[in-house]
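**Q** Structure provided below as structure tokens; questions to follow.
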Amino acid sequence: MQDHLPQYQLYTSEKDANQIINRDIERFWENMAFGTVRTRDKKTLRWCKCIDANHSKSLLIINGRVESIEKYRELFFELFNQGYDIYSYDHRGQGLSSRLTSDPQMGYVDWFNDYTDDLHCIIQHFNFNEHSDVAILAHSMGGAIALRYLQSYPSIFKALILTSPMLGFTMPWYLRPVAMFYAQIRSGLSSIPKYVKGYGPYTNTPFNSNPLSHSQTRYQCYRRLYLKKPELQLGGPSYRWVWQSLMAVKQCYLMTRQIDLPVLVMQAGNDLIVDNSAQDRFFSKLKRTNPKARLTVIKEAYHELFFESDKYRDQALAKTLDFLQQHMK
């Protein structure tokens, strides 16, 4: 497949991003295979893959909250051209997978374990047991899902890379002791899911006030995509999503001993979305039982490391590829 595409040795740049996205990545995207799979509770998960007979290594990319397969086109393109088959999917409740509430814009999940069960469904669907070299690259919420999966199922993966993993949220110090209990109480007050106070449906946040990326080019590309395809949009979280997520990150911390494969935790130095101190505590505990764990910090970067300015993104890509090369054939 794809032998007509140029084999890029360098990463795309902000200067060329729009041209490459509108030309080469569009051609690449036309060759992407898409499909759906039904979960145990009859939800539909949308997946994608791009494979080449000449590739011997595979990456399962697990995105974060509010994201979708489409948002990752540039990253898929680059990693494919570095010799990796690409697999990914939309989480339940977002992207083009089944939405879960009467308000399709609400971030919601019944139980966080639904995410890990979905991941197991995807892994079975792609039959990764027959792949000799597969690694996981997981971002933000995807990182928590990957960790809970690996703490619950035998691992068939050669390595795990976590970028800006969701192991705690940025919040005032006085809320930390009560946040999980408060979210649980609020989620139980009504049979109809409610947005967390201060949040609502999708909003097109201006670049100058965004906490995700320093790259105006990549940020606006993402926003244009979600305006062009409003069915991809997702708004703020519900109280139940917050409660379930805080429960899950607590379990991630308590069960670090279950994670024994090589792990790279990649931290965004100026992350305003997730709590870097929680990542530090997790890594410190993980390192006690897993000598193959590594932590690296991309100084001053915002949360979205693979959608950042070149000065930060290139570092993240280089560290990702170096780590994969160390632990895959």
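Matching residues to (1) at positive phi; (2) surrounded by fewer than 18 Cβ atoms within 10 Å (Cβ to Cβ); (3) free of Cβ contacts under 8 Å to residues at least 12 places away in the same chain; (4) of a type in the set (Val, Ile, Thr):
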| position | (1), (2), (3), (4) |
| --- | --- |
| Lys57 | no, no, no, no |
| Ile61 | no, no, no, yes |
| Gly83 | yes, yes, no, no |
| Ile86 | no, no, no, yes |
| Asp90 | no, no, no, no |
| Asp110 | no, yes, no, no |
| Ala144 | no, no, no, no |
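**Q** If you don't mind, another one. Pick out the one residue from Asp314, Asp322, Asp271 that is part of a loop (DSSP other than H, G, I, E, B) and either among the acidic types (Asp, Glu) or open to solvent by 60 Å² or more (accessible area, probe 1.4 Å) (or both).
**A** Exactly one residue qualifies, and that residue is Asp271.
**Q** Continuing with the same structure: May I ask you to list the residues in region 238-265 that are under 11 Å from Leu150 (Cα atoms), outside any loop (DSSP other than H, G, I, E, B) and either without any contact (Cβ under 8 Å) to a residue 40 or more places away in the chain or acidic (Asp, Glu) (or both)?
**A** Correct list: Thr256, Arg257.
**Q** Take the residues in region 200-239 that are aromatic (Phe, Trp, Tyr) and within 19 Å of Gly95 (Cα to Cα); name whichever of them is most open to solvent (accessible area, probe 1.4 Å).
**A** Selected residue: Tyr202.
**Q** Still on this structure, please answer the following. Are there any pairs with C-beta distances below 7 angstrom linking a residue in region 151-176 that is open to solvent by less than 60 Å² (accessible area, probe 1.4 Å) to a residue that is modelled with pLDDT under 95 and in a loop (DSSP other than H, G, I, E, B), with the two at least 6 apart or on different chains, and if so which?
**A** These pairs meet every condition: Ala159/Met328.
**Q** Related question: Open to solvent by 20 Å² or more (accessible area, probe 1.4 Å), closer than 24 Å to Ile156 by Cβ and β-branched (Val, Ile, Thr): which single residue out of Thr116, Thr36 fits that description?
**A** Matching residue, one of Thr116, Thr36: Thr36.
The values are calculated or read from the model by the stated rules, or taken from the named source; none is laboratory data. Note that the coordinates shown come from a computational prediction; the quantities given were computed from them, not determined experimentally. No Cβ is skipped: glycine too gets one built from the backbone with ideal geometry, and neighbour counts run over all protein chains shown. Each accessible area value is taken on the protein alone, full model and side chains, heavy atoms only, with ligands, DNA and RNA left out. Shrake-Rupley method; radii C 1.70, N 1.55, O 1.52, S 1.80 Å.
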